[in-house]
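The values are calculated or read from the model by the stated rules, or taken from the named source; none is laboratory data. Just so it is clear, the model here is predicted, and its values are computed rather than measured. Cβ: placed from backbone, ideal geometry, glycine included. Neighbour counts: every protein chain shown. Protein only, heavy atoms only, side chains kept; ligands, DNA and RNA dropped before computing areas. Shrake-Rupley method; radii C 1.70, N 1.55, O 1.52, S 1.80 Å.
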Amino acid sequence: MVLFSTVSNVLRPFIVAQVPTIVRVQRFFGLSETSKNPIVHAFFEFCTALGDETVYIVLLPMLHWAVPELVIPRLILLWAIVYWLGQGLKNALHLPRPGVVAPTHVIQAESKYSLEFGFPSTHAIGAATVPLYLLLFVERHYCVSSPWLWGLFVFWASCICLSRLYLGAHFPLDIVGGLAISVIVTLGYVQVDEWICEFCFSGDASVPLVAFVTSAALLAVYPYTVPWSTSFNDIATVIGVAHGCVVTNHFVPQRRLAATFFSCSRSFTSLDTSFLPVVAVGMAMVLTTRTVVKSLLTPLFRQFATFCFPDGSSEPSRSRRRYLEEIPCKFLTYSSVGGCACVLPGLWAAAFGWSL
């Protein structure tokens, strides 16, 4: 589109001008082509791993099992929205990463996302969105505001964002753009999250259809790239988790009623360790669900994609075949994972008398 092309052309000179900043950050922390500080390097690798979407897939269900209130389903929906927006802007703007702009100057210490575009940083989006929404939720519903919690939020987000600069994965403008998107969307979402969740978890018969149509529409309008990019896989994963959370809560009235009317025994501000057995069993259920569903769906969609695109001699044909094979499989697999994470551990705990 002309709009995205214009924005990309405006931002590109500012991005290229930030190469010296990346070089200075890497040199300041002792990273060069021949040496690195092993402690600093391990710390930043750990920080950047905390911003990966797979960590949120594990972290959010654990919070959901520990805090059986509607806050985590709300957060999962917000996470899906901002992640879809961030990854979509990446593919629409086509702005490069530091290793592409200046491969001889910037040390690309991370190659996992090297095939994706740079602006905005979805690591920065996730690092700001999750803790910011949790803090706003606690302040709004429990009138609890702690400078220490806000300080922890700033420290968490700063470490993840700085790790992206250190590893040569993003420019400062990518980070600033990600943080800005996160804050704007989150502040807007808290104005309507009550209404959204009232519908999603109300038991209305149209909820499953609306959830599926919305998920399919988000995936259909997502700007895919040729050749194949892992960003579409990531989006299908996140949208699938949100879809599974909404649909499964709809079909399990016990869980939905408990969450809707906040009638569970544990409150957000009084956590203890009694939920740990639920976490252990829940993680086992999530991993088992993912393995089983993926093993069943992968060969089916592979055959379907091969049938639709038998000629794989050209790059566009191979890319379309791979999209058709992996995107539906990812969506359905992680929709199952999201549903399992939100419901089954609670039902298991109730059956065995464990405290939630």
Residue under question is Ile196, and the condition is that it be assigned to a helix (DSSP H, G or I) and modelled with pLDDT of 90 or more; does it hold?
no
Filter region 5-60 for residues that are within 19 Å of Lys90 (Cβ to Cβ) and of a type in the set (Gly, Ala, Ser) and give the result.
Ser5, Ser8, Gly51
Within region 1-16, of all residues that are free of Cβ contacts under 8 Å to residues at least 24 places away in the same chain and open to solvent by 70 Å² or more (accessible area, probe 1.4 Å), the one farthest from Ile175 (Cα to Cα) is Val2
Any hit, region 96-109, residues being out of contact with any Pro (no Cβ under 8 Å at 6 or more places or on another chain), over 20 Å from Leu218 (Cβ atoms), basic (Lys, Arg) and open to solvent by less than 20 Å² (accessible area, probe 1.4 Å)
yes
Quick one: which of Val154, Val82 is at pLDDT 85 or above, of a type in the set (A, V, I, L, M, F, W, C) and within 18 Å of the chain's Cα centre (by Cα)?
Val82
Mind telling me which of the residues Ser295, Ser355, Ser314 ends up being at pLDDT 85 or above and surrounded by fewer than 16 Cβ atoms within 10 Å (Cβ to Cβ)?
Ser295
Take Phe232 and decide whether it is assigned to a helix (DSSP H, G or I) and under 19 Å from the mean Cα position of the chain (by Cα).
yes
Run down Val210, Val226, Val246, Val252 and say which single residue is of a type outside the set (Phe, Trp, Tyr) and either at pLDDT 85 or above or in contact with a strand residue (DSSP E or B) (Cβ under 7 Å, 6 or more places away or on another chain) (or both).
Val210
Just the residues that are open to solvent by 90 Å² or more (accessible area, probe 1.4 Å) and in contact (Cβ under 8 Å) with a residue 24 or more places away in the chain, please, taken from region 17-35.
Glu33
Given region 93-193, what helices (runs of 4 or more DSSP H) lie entirely inside it while holding 1 or more residues that are more than 29 Å from Ile72 (Cβ to Cβ)?
98-101, 147-166, 172-189
Among (1) under 30 Å from Phe251 (Cβ atoms); (2) open to solvent by 10 Å² or more (accessible area, probe 1.4 Å), Glu139 falls short only on (1)
Pairs, please: C-beta under 6 Å, at least 6 apart or cross-chain, first residue among the hydrophobic types (A, V, I, L, M, F, W, C) and in region 286-298, second open to solvent by 30 Å² or more (accessible area, probe 1.4 Å) and part of a helix (DSSP H, G or I)?
Val293/Ser336; Leu297/Leu332
Residue count, region 43-72 (criterion: at pLDDT below 70 and polar (S, T, N, Q)):
0
What single numbered condition from (1) of a type in the set (Gly, Ala, Ser); (2) farther than 26 Å from Thr122 by Cβ; (3) surrounded by 15 or more Cβ atoms within 10 Å (Cβ to Cβ) fails to hold for Ser215?
(2)
Taking the condition open to solvent by 50 Å² or more (accessible area, probe 1.4 Å) and part of a loop (DSSP other than H, G, I, E, B), does Glu45 pass?
no
Inside region 193-221, can you point out the residues that are aromatic (Phe, Trp, Tyr) and in contact (Cβ under 8 Å) with a residue 40 or more places away in the chain?
Phe201
Matching residues, region 159-175, being more than 18 Å from the chain's Cα centre (by Cα) and open to solvent by 10 Å² or more (accessible area, probe 1.4 Å)
Leu162, Leu165, Pro172, Leu173
